[in-house]
Amino acid sequence: MSVDFAPYKLRAELRGHDEDVRALCVCQLGLITASRDETIKVWKEVGDIFEVESTLVGHEGYVTAVTYLPPGLLPGFQNGAIVSVQCVLYLPSGEIVSGSNDNSIRVWSGGECIHVLSGHTDTVRGLTMLPGLGVVSASHDQTLRVWTLNGECVSILQGHAAIIYSAAASSDALIASASEDNTARLWRPDGTALQGMEHPGCVWDVAFLPNGDLVTACADYAARIWTAAPDRAAPADSIEAYDAGIAARKAAAAEAVSGSGREGTGLPDGLKLEDESALLAPGKKAGEMKVVREGGGGMVYTWDAEKGAWDKVGSVVGGPEDTDDTMGVPSKWHNGRQYDFVVDVDFEDGVPPKKLAFNRDDNPYDVAERFLVNEGLPITYRQQVVDYVLNLMGQGSALPPVQSTNVDPFTSTGAYVPGASNFPAPGGSLSSGDPFTSSGGYVPGAQPTASSGVASSGANSVTGGGADPFTGANQRRPVLAHIPARVFYIFDSAPKLDAIGGKVREFSSGLSASPDTASLSLTESEVAPGGALDMLLAKAVEAAKNPSSAAGTPSAEEAQVLGKLLRWPAVCLFPALDICRLFALNGPASQDLASSAGTLTPSSSGGIGAALAAASVEPQLPSNLLTGLRLACNMFRQTSLRSWIQANYGAMLDAFATVGSSTNKNVRSAWASFLVNASLLLTTENQAESDGVLIATSAVGELLDKSPKDDSETMALVAAGTLIQRNEDAKGLARDLGVPGFAKQLSISGDSRVAKAAEDVLSLL
């Protein structure tokens with residue numbers, strides 16, 4: 001093709017889904033997105049923006065494919081035809097093209113296979129029609145192929161560094177691809193690579209709009225629109241902010257894996273050992289050199305400006321100090337990538353084993369889900385795969401599943417798993433993934449931290465000693481595994497300061513641009529490096545690390561900055577809530593928060609009461625609910641804020657009442673954590689007869705009624721059992737709400753922890 005190419009720029013982000021956006025469809029209805037949040041959304045273009053016209057609900061599992069069928073009959077196969085396929089394309093001629101797990105592409109007519117297209121070396125995952133030429137296929141072998149309708153492969157498109165999930169073609173024969181390497185790429189049919197568009201996470205799907213704009217579906221819950229038309233591009237500051245977020249993510253990843261700045265890497269000055277993703281970015285000048293992890297060591301690449309590609313030169317010959325530990329390099333390969341583990345998994349006799357590849361720091365539940373989806377295996381195998389992965393990692397058996405890896409809603413850097421551990425072993429605490437960079441995210445099997453709120457013998461002990469404080473002296477009771485609740489569940493991991501600081505500065509800049517909100521923005525001196533904002537963030541981390549130290553208490557200037565953040569509009573509020581989450585764990589700092597907390601009503605006071613109220617107001621934003629509920633959980637830790645919760649728990653339960661029916665499982669888990677904490681508080685300190693027990697019981701019943709099968713139901717059972725164990729009115733209300741029926745259903749759950757908690761509740765009813 002000799003068409004001119006204008007680079008695509010970000011036009012808009014479409015946010016509304018609560019999980020990965022997995023599939024796209026452009027049709028006469030508009031733009032349709034499908035998500036792992038079990039919903040489908042139809043978007044309409046209104047002027048320069050896209051708005052949700054309707055949300056389709058009803059699925060009880062992930063929605064991973066969507067298409068539009070005009071009125072008429074769907075062509076079908078003959079009875080008895082069985083085809084193991086990953087993708088299907090309907091041609092205008094009436095023929096059907098399918099891509100299969102057996103690496104082949106087949107063309108069907110009238111239910112009969114008329115062509116078999118061979119060439120891919122792994123599963124064919126995506127197909128699209130290429131106007132005037134034929135079909136484009138996308139494969140797990142990291143290539144795209146262009147085929148004529150006669151079955152001839154005319155070009156192979158290479159450049160992705162991971163599985164390619166989808167392909168699309170425009171009316172002027174541009175090809176787009178979506179890959180697990182976090183990029184969407186544009187190509188000409190002859191194989192010429194035109195542009196790579198980096199994303200914060202895996203790109204699941206691509207589609208072209210009628211005007212030539214490109215839509216991408218990403219694992220960070222967003223669909224994005226990219227345009228080559230300058231008049232439709234996003235404002236320059238929005239594009240710069242997006243690019244800065246991507247750059248920050250890459251820098252953090254490179255720093256984490258490269259050993260940059262360490263002595264003994266055996267590399268010349270100015271070079272560092274980088275992850276293979278470094279080769280996704282073009283070189284800055286001819287001859288530029290990079291050293292990339294490869295084959296148990298470092299491989300040298302140089303940039304060929306004429307070809308626009310990185311050329312492999314050879315391996316690094318290190319000095320005597322070079323060791324595997326120094327280089328930190330995985331030693332096994334699969335599908336062109338290095339992993340810490342590549343193992344064979346047998347699922348069926350007589351069938352070759354499947355390759356399971358993962359790294360030591362991967363989330364086992366993500367590993368299992370990706371493996372099963374890619375291999376076309378039933379998702380019911382997930383827990384078995386997770387246990388297998390954990391055994392290989394040396395972590396033993398798994399805690400209840402982390403339901404998904406959620407991309408950070410703040411900087412789009414990595415997995416954000418608020419409340420991911422959800423229900424630890426008795427005596428444990430909830431860990432939390434950093435909502436800005438995912439650092440400190442939940443690792444199954446991790447031990448409780450020193451600041452977890454586990455009972456001690458001191459005067460400030462959160463719970464009683466080894467004896468059950470709720471049963472009464474010498475009274476015989478059933479031996480219960482999970483009831484009553486024994487600890488306050490808290491979220492104590494700290495975010496990376498540069499990430500949260502960057503998000504605050506981004507929001508402040510946006511507020512300063514509008515006369516209506518300029519007074520809420522931070523001053524230049526406050527956001528300057530080493531200024532009040534940086535000091536506030538550093539003290540927040542210190543406060544969480546040392547709960548009794550006054551060193552974590554903000555100064556007057558720093559407290560003024562925090563007060564501004566707490567008065568920000570709802571869309572900008574979550575960084576402030578997350579900062580307060582850390583201060584809430586510290587004795588002296590929590591006293592300051594409590595003294596200025598106010599009541600749980602929206603106001604411009606700058607207190608946490610008003611901020612929590614703002615987080616609960618419709619439309620409720622998942623990022624606010626997650627950070628707000630995590631803050632609320634941490635407020636049970638110190639006496640001053642626990643007193644505030646005790647005085648306001650009724651309002652809290654009312655304000656967040658709808659959370660129990662949320663479609664976001666992580667929000668439900670955070671809510672369940674709060675209910676466990678509330679149940680423990682309400683059944684101690686002479687609170688057992690209060691009306692709050694009945695309010696909390698109603699909230700728990702609502703959560704059990706609305707919650708799908710996930711780990712929030714386990715904590716809901718613990719909360720229910722804790723409440724009804726000491727309060728007969730709560731027991732009667734629980735019966736009226738149908739809790740016995742819910743518990744009976746859950747007592748036969750395949751998850752032993754859920755089943756045992758349900759049995760505990762049944763024994764008390």
Mind giving me the nanometre distance, one decimal, between the label points for residue 556 and residue 247, set 7 Å out from Cα along Cα→Cβ? 3.8
Sum of side-chain charges, residue 30 neighbourhood, beta-carbon under 11 Å (Lys, Arg +1; Asp, Glu -1): -1
Shape call for the stretch 497-764 from the C-alpha gyration tensor, a ≥ b ≥ c root eigenvalues: rounded (a/c under 1.5), prolate (a/b greater than b/c) or oblate? prolate
Of 537, 588, 571, whose Cα points farthest to the positive end of the dipole of the stretch 526-596 (charges on the beta-carbon: +1 Lys, Arg; -1 Asp, Glu; origin at the Cα centre)? 571
Could you sort the peptides 583-593, 142-152 by per-residue average Cβ neighbour count (10 Å cutoff), highest mean leading? 583-593, 142-152
Where in the stretch 543-586 is the amide nitrogen less than 17 Å from a point lying 7 Å along the Cα-to-Cβ axis of residue 617? 564-577
Proxy reagent accessibility, fewest Cβ within 10 Å first, across 185, 753, 668: 753, 185, 668
Quick one: if the Förster radius is 22 Å, what FRET efficiency do residue 286 and residue 172 give, using the C-beta to C-beta distance and rounding to 0.05? 0.10
Counting Lys +1, Arg +1, Asp -1, Glu -1, what net charge surrounds residue 89 among other residues with beta carbon under 13 Å of its beta carbon? +1
Between the stretch 711-765 and the stretch 635-668, what is the separation of their alpha carbon centroids in Å? 20
Can you compute 3J(HN,Hα) from phi for each residue in the stretch 13-27, using the Karplus curve 6.51 cos²θ - 1.76 cosθ + 1.60 with θ = phi - 60°, rounded to whole Hz and x for Gly and Pro? 10, 9, 10, x, 6, 9, 9, 3, 8, 9, 8, 10, 8, 10, 8
Taking the alpha-carbon centre of each part, the distance from the stretch 4-23 to the stretch 540-581 in Å is 33
Residue 762: net charge of surrounding residues, Cβ under 13 Å, Lys/Arg +1, Asp/Glu -1, itself excluded? +2
Modelled label-to-label distance, residue 745 and residue 112, 7 Å Cα→beta-carbon offset: nm? 5.0
Per 0.36 nm of contour for each residue apart, how much would the distance between residue 657 and residue 498 grow if the chain were fully extended, relative to their Cα-Cα spacing? 53.8 nm
Give the calculated FRET efficiency between residue 516 and residue 52 to the nearest 0.05, with a Förster radius of 30 Å applied to their Cβ-Cβ distance. 0.75
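Computed from the coordinates by the stated procedures, all read-outs in this text should not be read as laboratory data. Quick caveat: nothing in here was measured; it's all calculated off a predicted structure. Methodologically, a virtual Cβ is constructed for each residue, glycine included, from the backbone with ideal geometry; neighbour enumeration extends over all protein chains shown.
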